[in-house]
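Student: One structure, as structure tokens, below. Some questions next.
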Amino acid sequence: MRQLLTIVGNDLRQRVRDRSVLIFGIVVPVALMFVMNLVFGDTDEVELGDVTVAASVADDDELGQALVGTLTRIEGLDVTVDRVAADEVRPRAEAGDAQLGIIVPTGFGDAVTRGEGATVDLVEGDGAGLETDVLVSVVRGVTEQMTAGTVAAGAAAAAGLPPEQLGAIAQQVAEAPPAVTTVEGTTATEQLDASAALVAGQAGLFLLFTVGFGVLSLINEREQGTLARLRSMPMRPGLIVTAKALAGYVLGVVATLVLLAAGTLLFDVDFGSPLVVLVLVLSVVAAATSLTFVVVRVARTSEQAGVAQSIIAVVLGMAGGAFFPVAASGAAAGILDLNPVAAFTRALGVSAGGGGLGDVTGPLLTMLGFAVVLAVVSRLVPDRGVAA
């Protein structure tokens, strides 16, 4: 045990002294999380600016006035409606004096009431943006509801109802409240919000690099001749490999916990129970460590090992949602579920939603199963470095 701790302690001191772990395991991912959070993390807090609408509608057209008036009652959007003549709408929009132009045809309300069709012209102004898109969506929604009145009147006429009742039916349907309403809810179970998903994904991605600093040193020491000298010393077979695995494991656990803690403090995210988070970190680091040992066995040189480790880290990290959510169905979904980074992120979503250890059993089994299978593979795969 003393020899094991001595080798592990020496490896950890070397990794800290060369600062590679601090830079690529903590500084770089925190900086990347910060930048990506600035770009993608606050999309749900977009502020809409003021917008001007140039509208042409007859004063005695009640439905036309109601259509235009709806635009001034949009929550979170300050809309100014300038009433102008029909031939002034397009010039004002093209000149940028109005972000949206609306031309409600003469007799619009009577046409809708009688169940006849009518066309409302929309002109997007120069410099139109997100605010204009919101207004266009509102106008289309209101006119679709009014169109329902036209359809109802047509159906009533086809059913043989008296003409004097058609207008009342069309108006009643057009002014009816929506049958289905929506309310804002909370994030669903097993889902993290944008900031938390970035933190979890980046922690899982850079974990694969951090673990490699400890384990891949086996190849460096083999190339430098240090490994042969260590094996000539009186110690149990496999002690060196165990020490390298433990050093990489410790680096991975510490770096991942630091990244999650930094995400909690800097981006105001909550991953739930600390005990559950710790168990998840221990499990995903075990999976990453086993994967790194497969790379050590397959690679002939340290350069090959570094390239292979980087490719695997990026692929598994991206598939696990390190940069953006990844969704799939069928066989592809089953393959993604075997990714330990994806399992880690999914389990953090369960924990963030209040889940306990019993609720993350599935992702835990995925990560631990991945670790066991890769550990067995690392023992069965021929060591190409020794053969070389």
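Student: Residues that are over 42 Å from the mean Cα position of the chain (by Cα), within 30 Å of P162 (Cα to Cα) and in the same structural domain as P162 (by TED's automatic domain parsing), at least 1 per element: which helices (runs of 4 or more DSSP H) completely within segment 48-142 meet that? Quick ask: steps written out before the conclusion?
Tutor: Details: elements: 62-70, 86-94, 108-113.
In segment 48-142, the matching helices (runs of 4 or more DSSP H) lie at 62-70, 108-113.
Student: Report, by residue number, each residue of segment 363-385 that is small (G, A, S) and in contact with a helix residue (DSSP H, G or I) (Cβ under 8 Å, 6 or more places away or on another chain). Walk me through it before giving the result.
Tutor: Our first condition is that a residue be small (G, A, S); within segment 363-385, this holds for 369, 371, 375, 378, 385.
Across segment 363-385, the qualifying residues are A371, A375, S378, G385.
Listed here are the residues, each with its yes/no results for (1) part of a helix (DSSP H, G or I); (2) under 23 Å from the mean Cα position of the chain (by Cα); (3) in contact (Cβ under 8 Å) with a residue 40 or more places away in the chain; (4) surrounded by 23 or more Cβ atoms within 10 Å (Cβ to Cβ).
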position: A247; (1), (2), (3), (4): yes, no, yes, yes
position: V250; (1), (2), (3), (4): yes, no, yes, no
position: A255; (1), (2), (3), (4): yes, yes, yes, yes
position: V258; (1), (2), (3), (4): yes, yes, yes, no
position: D268; (1), (2), (3), (4): no, yes, yes, no
position: V284; (1), (2), (3), (4): yes, yes, yes, yes
position: T292; (1), (2), (3), (4): yes, no, yes, yes
position: V296; (1), (2), (3), (4): yes, no, yes, yes
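Student: Of S329, S351, S310, which residue is among the hydroxyl-bearing types (S, T, Y), out of contact with any Gly (no Cβ under 8 Å at 6 or more places or on another chain) and either at pLDDT 85 or above or part of a helix (DSSP H, G or I) (or both)? Please lay out each step first, then the result.
Tutor: On the way: S329 fails: either at pLDDT 85 or above or part of a helix (DSSP H, G or I) (or both); S351 fails: out of contact with any Gly (no Cβ under 8 Å at 6 or more places or on another chain).
Only one candidate qualifies: S310.
Student: Out of the residues in segment 198-211 that are closer than 22 Å to G353 by Cα and either among the hydroxyl-bearing types (S, T, Y) or at pLDDT 80 or above (or both), state the one that is surrounded by the fewest Cβ atoms within 10 Å (Cβ to Cβ). First the steps, then the outcome.
Tutor: Residues of segment 198-211 that are closer than 22 Å to G353 by Cα, as a first pass: 198-204.
Pick out the ones that are also either among the hydroxyl-bearing types (S, T, Y) or at pLDDT 80 or above (or both) and you get 199-204.
On the way: V199: 29, A200: 30, G201: 28, Q202: 25, A203: 30, G204: 29.
Per the criteria, the residue is Q202.
The values are calculated or read from the model by the stated rules, or taken from the named source; none is laboratory data. Everything numeric here is computed off the predicted structure, so don't read it as measured data. Cβ coordinates were reconstructed from backbone atoms using ideal geometry, including for glycine residues, and neighbour counts include every protein chain displayed.
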